[in-house]
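This report concerns only the one structure given below.
Computed from the coordinates by the stated procedures, all read-outs in this text should not be read as laboratory data. Source: prediction; values computed, not measured. Cβ placement follows ideal geometry from the backbone for every residue including glycine, while neighbour counts extend to all protein chains displayed.
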Amino acid sequence: MAKLKVAELFYSIQGEGRYMGVPSVFLRTFGCNFKCEGFGMPKGELSDERNVIALKVDDIRDYNSLPLVSTGCDSYASWDPRFKHLSPVLSTDSISDAIMDMLPHKRWEDEHLVITGGEPLLGWQRAYPELLENPNMQALAELTFETNGTQKLDPAFYEYMMMEWVMERGYETLTFSVSPKLSVSGEKWEEAICPDVVAEYSSLGYTYLKFVVASQDDIDEAQQAVDEYRKAGFVGPVYVMPVGGVESVYNMNSRNVAEFAIKKGWRYSDRLQVPLFKNEWGT
């Protein structure tokens with residue numbers, strides 16, 4: 001039986017992108033190929049908040065006791081190995097049972113499933129077909145992978161999703177929400193911008209780009225990235241979303257980013273989990 005290392009499994013509303021406001025189950029897998037330590041920091045500097053928290057890692061027993069951070073990656077415990085003890089390894093059966101328990105009507109209705117991370121396409125692709133084949137998951141109608149857009153699709157995963165999901169439910173019911181990491185994240189362009197990978201996603205399911213931005217420089221860099229994705233054949237929509245894992249930073253950036261979106265003719269994505277739930281773990 002396939003297993004996943006699960007950082008979080010919770011029920012909330014989707015706060016970002018295409019399904020913003022839709023009741024959703026979030027399955028957050030452990031592991032990522034990026035650190036994103038530049039978010040919220042002056043250009044060229046990296047956040048140290050995560051490292052300070054890790055000094056007291058022995059006192060942290062669950063996600064509810066994890067401090068929030070205002071800079072760097074807001075889901076740091078889903079990939080930093082110092083926090084891996086918080087993420088159990090679960091069978092696909094136990095995951096599907098837990099999902100049924102948290103749904104309001106104990107069955108799928110208007111809810112959709114979000115598989116996120118970390119980076120959910122890093123190492124776990126062969127487990128997802130077994131999860132989706134579980135009897136508890138048969139009424140699930142819409143599925144999103146939240147990814148940084150750098151991981152090629154495993155051929156077996158691609159074939160399963162095309163034949164057993166897309167052919168049964170339709171192209172638009174499978175979404176790849178791609179959040180490419182610009183230099184504001186602290187990651188390198190040549191590692192973060194992978195147009196051919198994203199073009200492959202869009203051949204399988206509805207795919208859009210979602211850039212986290214704070215300044216005009218970020219918008220200009222996003223435009224360069226969009227041009228590269230278009231050259232590779234990507235035709236989906238582009239969203240911009242404000243930097244801000246805590247409310248003070250979010251409030252400082254959100255209006256400017258909305259104005260950037262208006263000027264560019266791109267879509268604006270909010271981060272509803274920040275003003276509604278303070279971006280607490282499990283929201």
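Which one, F157, F176, F26, has the greatest fluctuation when you compute a Gaussian network model over the chain with C-alpha springs under 10 angstrom? Largest GNM mean-square fluctuation: F157. Taking only the alpha carbons of region 22-156, we obtain Rg and Dmax values of 16.6, 49 Å in that order.
Are there any GluC sites (Glu not before Pro) in region 73-148 that are in a DSSP loop and have at most 11 other Cβ atoms within 10 Å? List them by number.
Values: sites: E109, E111, E130, E133, E142, E146; in loops: E109, E111, E142.
Within region 73-148, the qualifying GluC sites (Glu not before Pro) (loop, at most 11 other Cβ atoms within 10 Å) are E109.
Specify the residue with the greatest mean-square fluctuation among I115, I60, I13, computed from a Gaussian network of the chain linking alpha-carbon atoms under 10 Å apart. Top of the fluctuation ranking is I60.
Just the number, please: percent antiparallel of the DSSP beta bridges in region 3-277, rounded to the nearest 5. Walk me through the intermediate numbers first.
Values: 10 of 34 bridges.
Once the DSSP bridges in region 3-277 are tallied, antiparallel ones form about 30 percent.
In µm²/s, what is D for region 3-277 at 10 °C and 1.306 mPa s, where D = kT/(6 pi eta Rh) by Stokes-Einstein and Rh is the Kirkwood radius from Cα pairs?
Values: Rh = 19.1 Å.
Roughly 83 µm²/s, to the nearest whole number.
Direction-averaged shadow area of the convex hull around the Cα atoms of region 71-146, nm²?
Dividing the Cα hull surface by four gives the mean projection, 6.0 nm².
Which is farthest toward the positive dipole end of the chain among N134, G236, V184, measuring Cα position about the Cα centre, with Cβ charges +1 (Lys, Arg) and -1 (Asp, Glu)? After comparing all options, I get V184.
For region 129-283, what does the alpha-carbon gyration tensor say about shape, rounded, prolate or oblate, given a ≥ b ≥ c as the root eigenvalues, a/c under 1.5 as rounded, and a/b over b/c as prolate? Mind showing how you got there, number by number?
Working: a/c = 2.17, a/b = 1.43, b/c = 1.52.
Taking the square roots of the gyration eigenvalues as a ≥ b ≥ c, region 129-283 is oblate.
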